[in-house]
Ligand SMILES: NC(=O)c1ccc[n+]([C@@H]2O[C@H](COP(=O)([O-])OP(=O)(O)OC[C@H]3O[C@@H](n4cnc5c(N)ncnc54)[C@H](OP(=O)(O)O)[C@@H]3O)[C@@H](O)[C@H]2O)c1
């Protein structure tokens, strides 16, 4: 395999935790990428130089809040990482002839609502473009890694992915306490009352279907359950006071069953405040993927800024955003080379780093 040595013109859509990592990396690799635009949402970011947005020198290209201006900019690929997905925007980008690599949605296009699927495909047809969704989880850990391990399977009885995370280290309390519902009454933690959790639950439901469809498990349903656990005492988390009695733990389980038998399960064990419910399972922090079968396999994944250097906790926390961002940035050449329509974690070649080692050999790939 030889990589396409084009230089890709990219737009970063959403310049938060993930978007900032995308911008910084694009700026660091001028032979590979050129940033030609950035879509921001906050008025105060509008007109700001994209370089200074991420603490770098000015590059002479300004971020914009105006969608039409961004759509009129010529680019190969939009790196789409807003907090909330807007399908109208995504369809407009695709129809305008720009490919889309996103961390925000579309982890298994086959199972999204038929109307949305058709709209996206039509936009791809109009623009001759491709859209791909991936990241960390959903993404590499929940999609690519299980498929890769399954290559060693004779039989598979059950796949389980557990994510254990204490969100207290995340400074963005608008996400933990606003969107995710920590600090709210336990009875409010459900898909009917919380739009963010409903969207999030849909993504993990999609991911269970992805594994079933790609591994021929033939499940006939995916269910979602949630248990919200109240805090025993008050906790101060950055600018926010978590009150005793409000939600400090969320355990979600998405289960795919075939004729009632659970075959594929994604479970998240989320806490804030450091209290860990005694009746919950206790995997290591991070992600634990288990394939029960012949052979039975287990692998544990977590990311840090470094395993060797002394690093500030904020850097460690950022490492998950770096991993998420790189999974789609490294996919840009493959997305741009793919036929119009959906490109998935199963249809794209294995996404890998070309310049991670700091070597920039023009021709690279497997030695035949
Ligand atoms: N697949 C994975 O493994 C994975 C992992 C992490 C994140 N994600 C997803 O990737 C995306 C970006 O994550 P993140 O951590 O970078 O998020 P973030 O920092 O919370 O937000 C990203 C940007 O969203 C923008 N925003 C503000 N209001 C918005 C609105 N009404 N609609 C849409 N966007 C709005 C903000 O722009 P301004 O700064 O201009 O206000 C912000 O910079 C999210 O969809 C997240 O769920 C996926």
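A short reminder: the numbers here are calculations on the coordinates, not readings from a lab. All of these numbers come straight from a predicted model, not from anything done at the bench. Cβ sites come from the backbone with ideal geometry, for glycine too, and all protein chains shown count toward neighbours.
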**Prompt:** Is the stretch 249-368 rounded, prolate or oblate when judged by the Cα gyration tensor, a ≥ b ≥ c being the square roots of its eigenvalues, rounded requiring a/c under 1.5 and prolate requiring a/b larger than b/c?
**Reply:** oblate
**Prompt:** Taking a ≥ b ≥ c as the square roots of the eigenvalues of the Cα gyration tensor of the stretch 76-210, is the shape rounded (a/c under 1.5), prolate (a/b larger than b/c) or oblate?
**Reply:** oblate
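Length gain on complete extension for the stretch residue 316 to residue 357, per 0.36 nm per residue less the alpha carbon to alpha carbon distance? Intermediate results must be reported in sequence, preceding the final value.
Values: separation 41, 0.36 × 41 = 14.76 nm, distance 2.02 nm.
The residue 316-residue 357 span can extend by a further 12.7 nm.
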**Request:** Using Cα centres only, tell me the gap between the stretch 152-214 and the stretch 331-368 in whole Å.
**Result:** 29 Å
**Item:** Gaussian network model of the chain, Cα within-10 Å springs - most flexible of 178, 341, 133
**Value:** 178
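Using helices alone, what [θ] at 222 nm do you get for the chain, with -39,500 (n - 2.57) per DSSP H run of 4 or more residues, divided over all residues and rounded to the nearest 500? Write out the running numbers ahead of the final one.
On the way: 9 runs with 93 residues, N = 368.
Computed mean residue ellipticity for the chain: -7500 deg cm²/dmol.
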**Normalised per residue, the volume of the convex hull around the Cα set of the chain (Å³)** = 162 Å³
**the stretch 140-302: relative contact order in percent, alpha carbon pairs under 8 Å with at least 6 residues between** = 33 percent
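For an R0 of 22 angstrom, estimate the FRET efficiency from the Cβ-Cβ distance between residue 86 and residue 175 and round to the nearest 0.05.
Details: r = 18 Å, r/R0 = 0.82.
My answer for the efficiency is 0.75.
Sort the stretch 165-204 into rounded, prolate or oblate with this rule: let a ≥ b ≥ c be the square roots of the eigenvalues of the Cα gyration tensor; rounded if a/c is under 1.5, and if a/c is not under 1.5, prolate when a/b is larger than b/c, oblate otherwise. Numbers along the way, then the final one.
Values: a/c = 2.07, a/b = 1.39, b/c = 1.49.
Oblate.
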**Message:** Residues of the stretch 215-242 with the amide nitrogen closer than 18 Å to a label point 7 Å from the Cα of residue 117, along Cα-to-Cβ, please.
**Reply:** 215-223
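When DSSP assigns beta bridges and you keep just the ones with both residues in the chain, what percent turn out antiparallel, to the nearest 5? Please list the in-between numbers first.
On the way: 39 of 67 bridges.
The antiparallel fraction comes to roughly 60 percent.
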**Complete:** Assertion target for 89, 28, 116, ordered by fewest C-beta neighbours within 10 angstrom first, is 28, 116, 89
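Using 1/(1 + (r/R0)^6) with R0 = 51 angstrom and r between the beta carbons of residue 190 and residue 31, what's the FRET efficiency to the nearest 0.05? Display every interim value, and only then the final one.
Numbers: r = 49 Å, r/R0 = 0.96.
After rounding, the FRET efficiency stands at 0.55.
For 221, 32, 43, 292, which order do you get if you count the other beta carbons within 10 Å of each Cβ and list the fewest first? Intermediate results must be reported in sequence, preceding the final value.
Values: 221 12, 32 20, 43 8, 292 15.
Going from least to most buried by this count: 43, 221, 292, 32.
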**Request:** Under a 10 Å cutoff between Cα atoms, tell me which one of 152, 180, 326 has the largest fluctuation in the Gaussian network model of the chain.
**Result:** 152
**Relative contact order of the chain, pairs being alpha-carbon contacts under 8 Å that are 6 or more residues apart, as %** = 19 percent
**Prompt:** Among 348, 161, 94, which one shows the biggest mean-square fluctuation in a GNM of the chain, springs joining Cα atoms closer than 10 Å?
**Reply:** 348
**Request:** Post the alpha-carbon centroid distance, the stretch 50-123 to the stretch 256-295, in whole angstrom.
**Result:** 33 Å
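Exposure proxy check: 13, 270 ranked by fewest other beta carbons within 10 Å?
In order of increasing Cβ crowding within 10 Å: 270, 13.
If the chain between residue 56 and residue 347 were fully stretched, how many nm would it gain, using 0.36 nm times the residue separation less the Cα-Cα distance?
Length gained, residue 56 through residue 347: 101.2 nm.
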